[in-house]
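Scroll down for the structure; my scribbles are underneath it.
The values are calculated or read from the model by the stated rules, or taken from the named source; none is laboratory data. Note that the structure is predicted; figures quoted are calculated from it, not measured. No Cβ is skipped: glycine too gets one built from the backbone with ideal geometry, and neighbour counts run over all protein chains shown. To get the accessible areas, we keep the full protein, side chains included, count just its heavy atoms, and leave off ligands, DNA and RNA. Shrake-Rupley method; radii C 1.70, N 1.55, O 1.52, S 1.80 Å.
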Amino acid sequence: MKKLIAGNWKMNGSLAANEALIKALRAGVGTPACDVAVCPPGAYLAQVQGLLAGQDAIALGAQNVSQHDNGAYTGDVSATMLKELGVRYAIVGHSERRLHQAENDVHVAIKAQRALAAGITPIVCIGESLAEREQGMTEFIVKRQLSAVIHLLEQRVGDIVVAYEPIWAIGTGKTATPEQAQAVHAVLRAQLQAATDKAQEVRILYGGSMNAANAADLLAQPDINGGLIGGASLKADDFLAIVAAAR
Ligand code: 13P
C-alpha cells in the first residue's frame, strides 16, 4: 500500500514562514512514491490551500475537527467547513489535545465520524504515556483508544488512518525503536482485522521524533505505513528526506 507522510505543524508558522516552507516543499517534492500531506494551524488553512494550488503531490490536512455539526459552537470548525477549504485529512485525538483540551476516546471517535461523513480522512492518534509503558499497559491503552473508534465506525473504520504516537517519544528526540513501534503496530493491525475486511489497507503511521536519520528504518517495518511528523515537518529539507525514505 502507498505510505503516507503527514506533517503536523502544531501551533507554529506565520504567513511568511508558511509561504517559504510550501515553496521549498513544492520545489523539492518531485513525484513522491508516497502520499504527502501538510497540516498547518487552522488559521492558515486557506492560505496554505492557495499555496498548494495547481499541484497534487502535497495534500492539505487539518489538525483538528469539531465533534459537532454546524451551529452554536463558538470557536469550533466543522468538517464541512474544512472540506470547503480543500482539506483531505484531519488529525483527530492528538495526545496534546487529549491532554490540554480534555478530549476523550468518545470525542475522538465522534470527530473521526464527522470527518468521514464530510469526505475527509481522519488520522486517529493513539499512544501511551511513559508511565503507562513502564507499567506494562501499552497494549491495553492503545487497544482501548482504537476500540472506541471501531465501536462507533464499525466497517467504516477501514477508511481511516491510524497514527501510533507514544507520548514519551513526542518532541523528546527519544524515538521508539523500529521493533518497539512494529510490535504495537502489529497489535493494532490484529485489532483492525477483527473489525473490518479492509484492515490490510488501513495505514498505520508512526509518530514521535521521526526524522531524516531514523525514518528509513522505521518505515521498513511491515506494519508501519507512514509517519506523522512534528518538528521535522517544519524544515523543508528534513521533511523531504522523510518523504524520500517512504517508498
Ligand atoms: P515530533 O515529531 O516533534 O516528535 O512530534 C510528533 C507528533 O506529535 C506528530 O503529531
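Within region 91-111, residues that are within 16 Å of Val162 (Cα to Cα) reach partners that are of a type in the set (Asp, Glu) and in a helix (DSSP H, G or I) with beta carbons closer than 9 Å, at six or more positions or on different chains, in the pairs Gly93/Asp105; Arg98/Asp105.
None of Arg203, Arg189 is among the basic types (Lys, Arg), under 15 Å from the mean Cα position of the chain (by Cα) and either more than 25 Å from Met11 (Cα to Cα) or within 15 Å of the ligand (Cβ to nearest atom) (or both) except Arg203. Scanning region 159-179 for residues being assigned to a helix (DSSP H, G or I) and crowded, with 17+ Cβ neighbours inside 10 Å gives a total of 4.
Among the helices (runs of 4 or more DSSP H) confined to region 12-111, the ones with at least 3 residues that are touching a helix residue (DSSP H, G or I) at 6+ places or on another chain (Cβ under 7 Å) and open to solvent by less than 70 Å² (accessible area, probe 1.4 Å) are located at 15-29, 45-51. Given the condition in a helix (DSSP H, G or I) and either within 16 Å of the ligand (Cβ to nearest atom) or more than 24 Å from Ala117 (Cβ to Cβ) (or both), answer yes or no: does some residue in region 147-158 qualify? Within region 147-158 (the criterion being in a helix (DSSP H, G or I) and either within 16 Å of the ligand (Cβ to nearest atom) or more than 24 Å from Ala117 (Cβ to Cβ) (or both)), the answer is no, since none of the residues qualifies.
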